[in-house]
Structures are given as structure tokens and as C-alpha cells.
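**Q** First, the structure itself, so that you have it in front of you.
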Amino acid sequence: MSGRNFLFIPGPTNVPDRVLRAMHVAMEDHRSPGFSALTKPLLNDLKRIFKTDSGQCFVFPASGTGGWEASLTNTLSPGDRVLSPRLGQFSHLWIEMARRLGLDVQVLETEWGEGAPIDRIAEALAADARHQIKAVMIVHNETATGVTSDVAAVRRALDAAGHPAMLYVDGVSSIGGIDFRMDEWKVDCAVTGSQKCFMLPPGAGIVCASQKALAAAEQAKLARVFFDFRDQISQNANGYFPYTPSIPLLHGLRESVNMLLEEGLENVFARHHRLAEGVRAAVRAWGLELCARAPKWYSNTVSTVVVPAHVNGEDVLNIAYHRYNLSLGAGLSQLAGRVFRIGHLGDLNELMLLGALGGVEMALADAGVAVTAGSGVAAAEEYWRSTAGQRISGDKAPQPAAVGASTRG
């Protein structure tokens, strides 16, 4: 098929030309005296993306899953209890990993489409008078459902209970795209991956650990070798790694961090919010609903769209891909066939998204969904035109000055 594939899954995301050029480097000696000129400033600048002064960042040649494992194995011991809501496929996978590592997981079953149940977390912490819960695991942005949880509220629940449990956050599809505040929220281990908001190919699992987590690593008894913080710390201090790193990815990460800091993190978050609002306007115009059950949980990096009961979401995906060269995210686990996902994160602007929305409209119509051609595109256009040039932050986005009926769906 001619033309470029439109990649609108929740990751991997589009890689900017700047990053591709930065990665196009000859191989070099990763133990040379000059290699630290790349790595030491990079590891320090990564802390700015996590919004931490005291945390320490690690870059593993892995994925976000590797970051999960590093966080657990470096800070906990066999039989330790951890608390986690299960609210989507990725929280489910993290829970299953913890169990396979020999941890005792207290699961709070949550409807898929809702965020972390703050009241139930608070109740569980208050009931744990002996402080047997050693950590709380939260997926900040559940990619399967398009739901963002309130990490700050989880921290408030921990503080209100006077509970010493560590706070672990999966920020794989949020960090670098949705506001994340490691120090302010007192997060102990935060995990992300290169292929989402960092606009890189897959291959780097990035972890930021607090001083509390680093202290816990001295007592932790879970086995770890490849993911051992201590080996990283001893080598990173001089700008090196305990084993061969992915050299091109490090150069790409240097450039992606430059791009995020040049744009300004608050502007990055505002851009993602504004683009997501346009997508949500399109979904309403199609007469469809998001999997996220309330606006307070809407994700600014991925929208999970529920298809009508008579339609198989897999058909929408297949039509979009084979007829229109558009890649959309599939429904995962219990959502398989019931939804499709639009990724709107990373290197993205309005015109790129309009092309994707046009492709979605055609695929929906071909799959038997009664949509009016151009309705979603028009709704997104109206929102983006009416907010062009305005700074939009968090949930304070201005509403369009004049919105037609198509914008409301």
C-alpha cells in the first residue's frame, strides 16, 4: 500500500525525525573515557521529566515490564504483602508478576473503566494496623481502558493513614505526556518505557527510585541480577553501565529529553490534553462512548472507544489497517472485540490526528456503525480551532466559544 502507515496505537508511537537522526550513529565504545559525556547529563536530566530532585533514574535495556520487575525485586522480600487495584490489563499483569515473584498481593477488584478506588485503598491501609502492606502499586494511566488514576489522592490516603508503605507507579503511558510529580506525590518507584511519550522505539525500561526505595534495596531479599539497582548505581556514578547498553537508544533518549524540555513539560501536558479533548469530541459526534466511566478518569494519551453491541471491534481494526493503512489499538483481555483504542501521545499535532479520525470514521462505517461521514472530524476541528493558541492546563481547558450540534454527538 502506498503512503505511510498511520500509527495511532498507544505505543510504540511515532518517532520524530530529530530522534531518528540522533539514533543514526556509528557504534562506539561504551566504556570509553568519552561515553560519560552522554550518559551522566542524560541521567540527571531524566530527573526533570519525573519531577524529582532526590530520586535516581535508571535506564535498563528492557521494556516497561522490566521496569516493573526492577521496582519489585529491588525493594521487597519473599512473602511481602503489596496492595493493588486491578482495573485493566496492565494492572492485572503487574499483579500477576508480583505473585510469580513470591509476593502476597492484596487485590482490589475494580470495574474496568474506573480509576484507582481511593476510598477502598484508604480503608485497606487503615485496616492494616500492623503495617504488613509494604507497597501500593498503582497504574497511573491504564492503557487498556483509557483511564487515568489520581496518584496524588493515593498519596493522601497513605499519609492520612500514617502508613509507611512505599508507593509504586506505572507511568508507562503517562510520564512525559500527563502531569507526573514524583517528589510532590512521594512516589518511591516510577516506571516508564521508551516507546510511549518519550517518542522512541521500544527497548528502554526507565525507572526512577526515591531515596526510601534505595534504602529498601539494601534489605530486600528478592533475587535480582540483571535488574539490580546496586550494580547500576556503582557504574552509573561514572557514566557507565554494568553491561552493554543500547547505545542508539541512549542517543535517541538524549534527543527526546531535549525535545520535551525545549517544549516545556507544562506545554507538553497541555498539548496532550487539548489533542485528547478533540478526540473525545469526535467520539461524541459518532454517538459512541468511551470505556472510561467518568470525565475525571479520561486519559489524555489514549482513548478506548466502545463499539455498538452488534459490531466486533476487531472488524474495525482490520478494516482500518487493510483498507486505510491505519493502525489502531485492539481491545485487550475482557475488552477484546468490545472496543478499539486511539493512541494520541508523543510526537503529535492536530493535522496528524485529523487524518486518523477520518480513517476511523471510514472504518466504523464499513464495519456497520451508523456514523455520519465527517462528523467526528468536524467536531475535532471545531474544538481545536476554537482553542488554537490558548494555553490549556490539566482540567482547566476552555470550552469552545461556539459548538455545533455535531460536537456534542
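The values are calculated or read from the model by the stated rules, or taken from the named source; none is laboratory data. Fair warning: this is a prediction, and the values are worked out from it, not measured in the lab. For neighbour counting, all protein chains shown are included, and Cβ atoms are generated from backbone atoms with ideal geometry for every residue, glycine included. For accessibility, only protein heavy atoms count, side chains too; no ligands or nucleic acids. Shrake-Rupley method; radii C 1.70, N 1.55, O 1.52, S 1.80 Å.
**Q** Measure of size requested: the Rg and Dmax of segment 1-144, with Cα atoms as the atom set and Å as the unit; please supply both.
**A** Reported Rg and Dmax, both Å: 19.7, 63.
**Q** Show me the ranking of peptides 172-184, 252-264, 128-140 by mean Cβ neighbours inside 10 Å, starting with the highest.
**A** Packing order, densest peptide first, comes out as 172-184, 128-140, 252-264.
**Q** Which far-off residues, 5 or more places away or on another chain, put their amide H under 5 Å from the one on Gln106, with H placed in the peptide plane?
**A** HN-HN under 5 Å from Gln106: Val82, Leu83, Ser84.
**Q** While we're looking at this one, here's another question. Stick to the Cα atoms of the chain, pair each with every other, and give me the Kirkwood hydrodynamic radius in Å at one decimal.
**A** 21.9 Å
**Q** Same structure again: Step through the residues of segment 83-90 one at a time and calculate ³J(HN,Hα) from phi using the Karplus curve (6.51 cos²θ - 1.76 cosθ + 1.60, θ = phi - 60°), rounding each to whole Hz and writing x for Gly and Pro.
**A** 10, 8, x, 9, 10, x, 4, 7
**Q** Continuing with this model, one more query. Farthest toward the dipole's positive end in the chain, which of Leu290, Leu260, Tyr321, given Cβ charges of +1 (Lys, Arg) and -1 (Asp, Glu) about the Cα centre?
**A** The one lying farthest along the dipole's positive direction is Leu260.
**Q** Also: Please list, ordered by chain and number, the residues whose modelled amide H lies under 5 Å from the amide H of Glu289; skip anything fewer than 5 residues away on the same chain.
**A** When sequence neighbours closer than 5 places are left aside, the close amide H contacts are Val306.
**Q** If you don't mind, there's one more thing I want to ask. Which lysines, if any, have their Cα less than 21 Å from the Cα of Lys196, not counting same-chain residues under 8 positions apart?
**A** Within the straight-line limit of under 21 Å, Lys196 reaches these lysines: Lys47, Lys51.
**Q** Could you work out the helix-only [θ] at 222 nm for the chain, with each DSSP H run of four or more residues adding -39,500 (n - 2.57) and the total divided by the number of residues, to the nearest 500 deg cm²/dmol?
**A** -12500 deg cm²/dmol
**Q** Short version: ³J(HN,Hα) in whole Hz for each residue of segment 58-64, in order, from phi by Karplus 6.51 cos²θ - 1.76 cosθ + 1.60 (θ = phi - 60°), x for Gly and Pro, what are they?
**A** Result, ordered by residue: 10, 10, 9, x, 7, 10, x Hz.
**Q** How many Å² of accessible area per residue for the chain, probe 1.4 Å?
**A** It amounts to 40 Å² per residue over the chain.
**Q** Roughly what would the spin-label model give for Lys221 and Tyr243, points 7 Å off Cα along C-beta, in nm?
**A** So the label points at Lys221 and Tyr243 sit 2.6 nm apart.
**Q** Which one of Ala37, Ser2, Leu364 has its Cα pushed farthest toward the positive end of the charge dipole of the chain, where Lys and Arg give +1 and Asp and Glu give -1 at the Cβ?
**A** Most positive-ward Cα: Ala37.
**Q** Using a 1.4 angstrom probe with every protein chain in place, what is the largest-first accessible-area order of Lys196, Lys47, Lys296, Lys212? Intermediate results must be reported in sequence, preceding the final value.
**A** Values: Lys196 20, Lys47 40, Lys296 155, Lys212 90 Å².
Of Lys196, Lys47, Lys296, Lys212, the descending order of accessible area is Lys296, Lys212, Lys47, Lys196.
**Q** Lys296: which aspartates and glutamates have alpha carbons under 18 Å from its alpha carbon, excluding same-chain residues fewer than 8 sequence positions away?
**A** Glu111, Glu114, Asp119, Glu142, Asp150, Asp179, Glu277, Asp395
**Q** Continuing with the same structure: Taking all protein chains as present, what is the carbon and sulfur share of the accessible area of the chain, in % to the nearest whole number, probe 1.4 Å?
**A** Here carbon and sulfur together make up 51 percent of the probe-accessible area.
**Q** Treating only the Cβ atoms of Lys and Arg (+1) and Asp and Glu (-1) as charged, compute the dipole magnitude of the chain about its Cα centre; round to the nearest 20 debye.
**A** Details: 38 positive and 41 negative charges, 47 e Å.
The calculated dipole for the chain is roughly 220 debye.
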